[in-house]
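The next block holds one structure in the form of structure tokens; read it before the comments.
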Ligand SMILES: [Zn+2]
């Protein structure tokens, strides 16, 4: 087993982390008056609307990176087909790390067709997720399925994945009217989630992000290296967070270490990202000019734009 990173000495900051994945939500919609709950969340958050996802910018690759802390080439899910990560044996998945330290974890994700259900259950088990709830693929049902955990699981990790925008984006196109309506449904569900968490808000870090954008190279897709496909919002809110705009150098890979760090758990050295500790510090004028070493994702993105 590989070593841990230096942040492991840090104290636990929150009892619980809620990791909310807004599948295919374009970052540039956050702040629109049409989506009051997303706007309110941004107000309370340390956030960037200019973070980068992994490549390929597809859900299976990105979700596996969120759960494993490493880039797609290192976990082996390099397409939009879910599976047990090819390199599972050498991974240290986030839910398993949470469980190793005696904390509970719950995932609430969409139900898959019957033939794929054994595989879905196996993936969940291999990642070390203690509880998994599967619900129909819309935000109302998924939130309903998550409510018991949101109400009663006051420690550890809760992961929610809402697929609505992505599904509609593929059928009608990103930024089409049906897509914008789907964003409104996710926005309403976010409002309910925030209400549900209000009691426990002092104990919960909400980490909301998208797994990819969409409508970059093609109106109905998101799997290119185009900035509109690869740019994601990333928002952190909760106790100890200083609302501020964060640098645009963050990537999706910074989310998993942030989860463990906030829970006071060691971050595996093999993980690619770094905890977003700046979210818990008062903003400084200098920080926006900080330069971080390029990740392969950022390099590719830069080449693409050039
Ligand atoms: Zn998709």
Within segment 136-177, the residues that are within 15 Å of the ligand (Cβ to nearest atom) and more than 19 Å from the chain's Cα centre (by Cα) are 168, 170, 171, 172, 173, 174, 175, 176
Those residues of segment 181-214 which are away from the ligand (no atom under 16 Å from the Cβ), assigned to a helix (DSSP H, G or I) and buried (at least 22 other Cβ atoms within 10 Å of the Cβ) amount to 187, 189, 190, 193
So, first residue on the phi > 0 side of the Ramachandran plot in segment 114-136, second residue part of a strand (DSSP E or B) and crowded, with 17+ Cβ neighbours inside 10 Å, Cβ within less than 8 Å, six or more apart or across chains; the pairs are 128/105
Do we find that residue 61 is modelled with pLDDT of 95 or more, farther than 15 Å from residue 107 by Cβ and part of a helix (DSSP H, G or I) in this structure? yes
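Condition check ((1) closer than 21 Å to residue 206 by Cβ; (2) within 16 Å of the ligand (Cβ to nearest atom)) across all residues:
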residue: 29; (1), (2): yes, no
residue: 41; (1), (2): yes, no
residue: 51; (1), (2): yes, no
residue: 54; (1), (2): no, yes
residue: 59; (1), (2): yes, yes
residue: 62; (1), (2): yes, yes
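Does residue 56 satisfy being over 21 Å from residue 229 (Cα atoms), touching a residue at least 12 places away in the same chain (Cβ under 8 Å) and out of contact with any strand residue (DSSP E or B) (no Cβ under 7 Å at 6 or more places or on another chain)?
Details: over 21 Å from residue 229 (Cα atoms): no; touching a residue at least 12 places away in the same chain (Cβ under 8 Å): yes; out of contact with any strand residue (DSSP E or B) (no Cβ under 7 Å at 6 or more places or on another chain): yes.
No; evaluated as a whole, the condition is false for this residue.
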Over segment 91-116, the set of residues modelled with pLDDT of 95 or more and in a helix (DSSP H, G or I) is 94, 95, 96, 97, 98, 99, 100
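For the condition within 16 Å of the ligand (Cβ to nearest atom), within 18 Å of residue 263 (Cα to Cα) and either modelled with pLDDT of 95 or more or touching a strand residue (DSSP E or B) at 6+ places or on another chain (Cβ under 7 Å) (or both), what is the one hit in 20, 66?
On the way: 20 fails: within 16 Å of the ligand (Cβ to nearest atom).
On inspection, the qualifying residue turns out to be 66.
Taking into account only those residues within segment 229-240 that are within 17 Å of the chain's Cα centre (by Cα) and either more than 14 Å from residue 55 (Cβ to Cβ) or assigned to a strand (DSSP E or B) (or both), which is farthest from the ligand (Cβ to nearest atom)?
So the first thing to find is which residues in segment 229-240 are within 17 Å of the chain's Cα centre (by Cα), and the list is 229-238.
Retained after the next criterion (residues that are either more than 14 Å from residue 55 (Cβ to Cβ) or assigned to a strand (DSSP E or B) (or both)): 231-238.
Numbers: 231: 15, 232: 13, 233: 16, 234: 18, 235: 21, 236: 24, 237: 26, 238: 28 Å.
Among them, the one singled out is 238.
The values are calculated or read from the model by the stated rules, or taken from the named source; none is laboratory data. Values in this document were obtained by computation on a predicted structure and should not be read as measured data. Using ideal geometry, Cβ is built from the backbone for each residue, glycine included, and neighbour counts are taken over all protein chains shown.
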